Amino acid sequence: MGGNKCQFTKFYTINFMKTTLLFFLLLLLLSSCNRGGIVLSRYPNGSIKTELKIVYVKGNSVCIVKEYSEDGIIISEINYKTLDAKVYHADGKGYWKGRYNKKLIMNGVWEDWLTEENYKRFDWTFKNNIEDGPYTAYRRDGSIEAKGFYKNGALSDTLKMFDLKGQLQEMEIWVVNAGGKFSTCVKTIYLTDKRSDGTIQILDGKIYVWKNGKKEFMRNFNGKK
């Protein structure tokens, strides 16, 4: 989150899976959970659309439902007993992990993971499938990079940025517009003389870039960055 974080935008928008088909499928095939096995539904081209797999945990049957796109890319999977679920990114490189309520609506904390690097990037708080509540961003080493708050899908209130040692470095004040569709950073407060990596600073007619907590001279300022 280096550079001008007032240009911060939400990294990803979740495309929520259609729940009607899953409920219909689960209601029709619930009895299969007591017998074990796999039940499939298919697209017209023959590729798998949904897969209901019955597994046994400590002698109890559990239904696992997976949903696929028409070209075979997994979209989501859900444990029907616990409602724990994964909703995969459209690019297939990561997933959101959390728990649905009984109406298959996202509520509470959902984690955003990258598959290949196996690290958690964000914790999002959802209310009725919309980001609403505390938000945390992580670095690859697991340290916290930022903490903030979303209101009805838009970044709101105070966004706090931390260094690798967990020290608070900056704060930004975000205000949601009247329509509630987006938010704007109205103020940045630096709590230290240091800046985040990539920050451009113009000082005494010179342009500097901040790297590893230090500013490095780039060139003289001629009126254009």
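The values are calculated or read from the model by the stated rules, or taken from the named source; none is laboratory data. What you are looking at is a predicted structure, and each value in this text was computed from that prediction instead of being measured. Cβ placement follows ideal geometry from the backbone for every residue including glycine, while neighbour counts extend to all protein chains displayed.
Values computed for the structure shown
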{"quantity": "Filtered residues of segment 105-127 (kept if closer than 22 Å to Val65 by Cβ and out of contact with any strand residue (DSSP E or B) (no Cβ under 8 Å at 6 or more places or on another chain))", "calculated": "Ile105"}
{"quantity": "Breaking point among (1) outside any strand (DSSP E or B); (2) buried (at least 18 other Cβ atoms within 10 Å of the Cβ); (3) not β-branched (Val, Ile, Thr), for Leu155", "calculated": "(1)"}
{"quantity": "Test set (1) farther than 27 Å from Gly198 by Cα; (2) surrounded by 19 or more Cβ atoms within 10 Å (Cβ to Cβ) - Met161 fails condition number", "calculated": "(1)"}
{"quantity": "Any hit, segment 101-110, residues being among the charged types (D, E, K, R) and either modelled with pLDDT of 90 or more or under 12 Å from the mean Cα position of the chain (by Cα) (or both)", "calculated": "no"}
{"quantity": "Output for segment 56-68, where each listed residue is assigned to a strand (DSSP E or B) and more than 26 Å from Pro44 (Cα to Cα)", "calculated": "Tyr56, Val57, Asn60, Ser61, Val62"}
{"quantity": "Test for Asp71: is it assigned to a strand (DSSP E or B) and either closer than 22 Å to Phe149 by Cα or assigned by TED's automatic domain parsing to the domain that holds Ile38 (or both)", "calculated": "no"}
{"quantity": "Ala90 being in a strand (DSSP E or B), small (Gly, Ala, Ser), closer than 22 Å to Glu131 by Cβ and not assigned by TED's automatic domain parsing to the domain that holds Asn118", "calculated": "no"}
{"quantity": "Which listed residue is of a type in the set (Gly, Ala, Ser) and at pLDDT 80 or above, from Gly46, Gly59, Gly36, Gly3", "calculated": "Gly46"}
{"quantity": "Test result for Lys194, surrounded by 14 or more Cβ atoms within 10 Å (Cβ to Cβ), modelled with pLDDT under 85 and basic (Lys, Arg)", "calculated": "yes"}
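Okay, residues lined up against (1) in a strand (DSSP E or B); (2) within 25 Å of Leu83 (Cβ to Cβ):
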| residue | (1), (2) |
| --- | --- |
| Glu111 | yes, yes |
| Glu116 | no, no |
| Lys120 | yes, yes |
| Thr136 | yes, yes |
| Asp141 | no, no |
| Leu159 | yes, no |
| Met171 | yes, no |
| Thr184 | yes, no |
| Lys187 | yes, no |
